[in-house]
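A.B. asks: Sending over a structure as structure tokens; questions will come in a sec.
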Amino acid sequence: MKIILPVAGKGTRLRPQTLTRAKSLVQVAGATVLEHIIDRLAPLAATEYIFITDDLGEQIRSFMTDRYPDLQCSYYLQHDRLGPAHAVLQAVPSIAEGDDVLVVFNDTIFITDLQNISALAADCDGLIYSREVEDYQRFGVNVLDGDFIVDMVEKPDTPISRLAQVGLYYLKDAAALMRYLEAAVNAGETVKGEYYLPAVFMDMVAAGFKFRAPEIDSWLDCGKPETLLETNRQLLLETQQIHGEIIDSVIIPPVYIGPGTVIRHSVIGPFVTVAENCTIENTVIRDSIIHADTSVKQSQLQHSLIGAHACVVGGSHTVNLGDYSQLLGVTD
């Protein structure tokens, strides 16, 4: 199996965190979003990880080389932002006849058993992973007839289906997927100037391909500040790790504190991630994410995202502060 990871895109809803950082390298619960995804893909023993990147792609390459040096990775630049289907098509040089493929988008962290893919796809051509939701109007949904998908509707007005697509797709015939993607691009099948996968999958259904819509166990959104913090809360409930030095401080679990971080005379938690090599002094932090190499002193932070190499001194804040930024002595 080969795995395609489209990691291009500016992540505008997460700015300023994504002004200087690829959106998949944002921290949550002690690791980057990308780490959470790659670790969940490990049981598949993929032969190749295919990354579709933008102008921040070198960050992805450097991260994968450092963190996962034994994985076989390829990188393709999506020069033009023409949508998710166009992004997946950029992987075509790595796809050969006989390959199967898993496509994984990186706005969400999924929790499901991927080792049962072969069993789930035994009598069909692919899997369009889903999750039942109440707010179906916000998503593209799968419409089933029995066990198989017969339609896909983007943001339906009526509850024709509550099975939202979660950005996780398995195709037995990767080469066929590439042919249909190329045909859609050549035909100019766009919505507001971009190419989307549901239209391609419906072309395949019309041609006789069969797709199931298995439900995942959990779908953790990392695409907006408020949902990133919610995902941080959920993942921290599964584990607590304290690697740094704690001096005359109170830690209220669950938290993650990274290696090299020093915390003095502070109260940290609950639901706080502090990455490596940070300095926290005389500060109270709850329900927040602090990126690496950042200093926070004489402050109170709640419901906040603080970038790397940043500095916060004084005040009580609920703030989204980017990398290399300073916030000094301001009180809400």
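Each value in this text was obtained by applying a stated rule to the coordinates, not by laboratory testing. No experiment lies behind these values; they were computed from the predicted model shown. A quick note on method: Cβ atoms are made from the backbone with ideal geometry, for glycine too, and the neighbour counts reach across all protein chains shown.
A.B. asks: Which order results if THR53, THR227 are arranged by neighbouring Cβ count within 10 Å, fewest first? The partial results should precede the final answer.
C.D. replies: Values: THR53 23, THR227 16.
In order of increasing Cβ crowding within 10 Å: THR227, THR53.
A.B. asks: Sort the following peptides by mean Cβ neighbour count (other Cβ atoms within 10 Å, averaged over residues), highest first: 249-255, 230-236, 186-192.
C.D. replies: 230-236, 249-255, 186-192
A.B. asks: A further question follows. For LEU301, enumerate residues with amide H under 5 Å from its amide H, sequence gap 5+ or separate chain, H modeled in the peptide plane.
C.D. replies: VAL284, ILE285, ARG286, HIS317
A.B. asks: Sort ARG13, ARG212 so that the residue with the fewest other Cβ atoms within 10 Å of its own Cβ comes first and the one with the most comes last. Spell out each step's value before the answer.
C.D. replies: Values: ARG13 15, ARG212 21.
With the sparsest Cβ surroundings first, the list reads ARG13, ARG212.
A.B. asks: Just want the ordering: TYR180, TYR196, TYR324, from fewest to most Cβ atoms lying within 10 Å of their own Cβ.
C.D. replies: Working: TYR180 22, TYR196 19, TYR324 14.
With the fewest neighbours first, TYR180, TYR196, TYR324 line up as TYR324, TYR196, TYR180.
A.B. asks: Along segment 220-229, what does the Karplus equation 6.51 cos²θ - 1.76 cosθ + 1.60 (θ = phi - 60°) give for ³J(HN,Hα), rounded to whole Hz, x for Gly and Pro?
C.D. replies: Karplus-based 3J(HN,Hα) across segment 220-229 equals 9, 6, 10, x, 9, x, 5, 7, 5, 5 Hz.
A.B. asks: Then there's this: Relative contact order for the chain: what is it in percent, counting Cα pairs under 8 Å that are at least 6 residues apart? Intermediate values should be presented prior to the final figure.
C.D. replies: Working: 792 pairs, mean separation 50.1, N = 332.
This gives 15 percent for the chain.
A.B. asks: Still on this structure: Considering the chain as a Gaussian network with a 10 Å cut-off on Cα pairs, which listed residue, GLY193, GLY260, GLY314, attains the greatest mean-square fluctuation?
C.D. replies: Comparing GLY193, GLY260, GLY314 in a Gaussian network model of the chain, the most mobile one is GLY193.
A.B. asks: Quick one, what does Rg over Rh come out to for segment 131-258 if you take C-alpha atoms and the Kirkwood Rh? Each step should come with its number before you reach the end.
C.D. replies: Values: Rg = 20.2 Å, Rh = 17.8 Å.
Computed over Cα atoms, the ratio is 1.14.
A.B. asks: Skipping prolines and chain starts, which residues have an amide H placed within reach, meaning under 5 Å, of the one on THR108, given they are 5 or more residues away or on another chain?
C.D. replies: So THR108 has HN proximity to CYS222.
A.B. asks: Of all GluC sites (Glu not before Pro) in segment 1-100, which ones are in loop regions per DSSP and have a Cβ with at most 15 other Cβ atoms within 10 Å?
C.D. replies: Numbers: sites: GLU35, GLU48, GLU58, GLU97; in loops: GLU97.
Counting only loop positions with at most 15 other Cβ atoms within 10 Å, the GluC sites (Glu not before Pro) in segment 1-100 are GLU97.
A.B. asks: Taking the Cα centroid of segment 269-323 and of segment 45-82, what is the distance between the two, rounded to the nearest whole Å?
C.D. replies: So the separation of the two Cα centres works out to 30 Å.
A.B. asks: Oh, and also: Taking H as built 1.01 Å from N, whose amide H comes closer than 5 Å to the amide H of TYR75, not counting residues under 5 places away?
C.D. replies: Under 5 Å from the amide H of TYR75: PHE51.
A.B. asks: Could you tell me how many cubic angstrom of Cα convex hull volume segment 2-233 has per residue? Please list the in-between numbers first.
C.D. replies: Numbers: hull volume 29.8 nm³, N = 232.
In segment 2-233, the Cα hull volume divided by residue count equals 128 Å³.
A.B. asks: Pick from ILE280, ILE60, ILE160: which residue has the top mean-square fluctuation in a GNM of the chain where Cα pairs under 10 Å get a spring?
C.D. replies: Per the Cα network of the chain with a 10 Å cutoff, ILE160 tops the list.
A.B. asks: For CYS73 and ARG264, calculate 0.36 nm times their separation in residues minus their Cα-Cα distance, and state this gained length in nm to one decimal.
C.D. replies: Full extension of this stretch gives 64.7 nm more.
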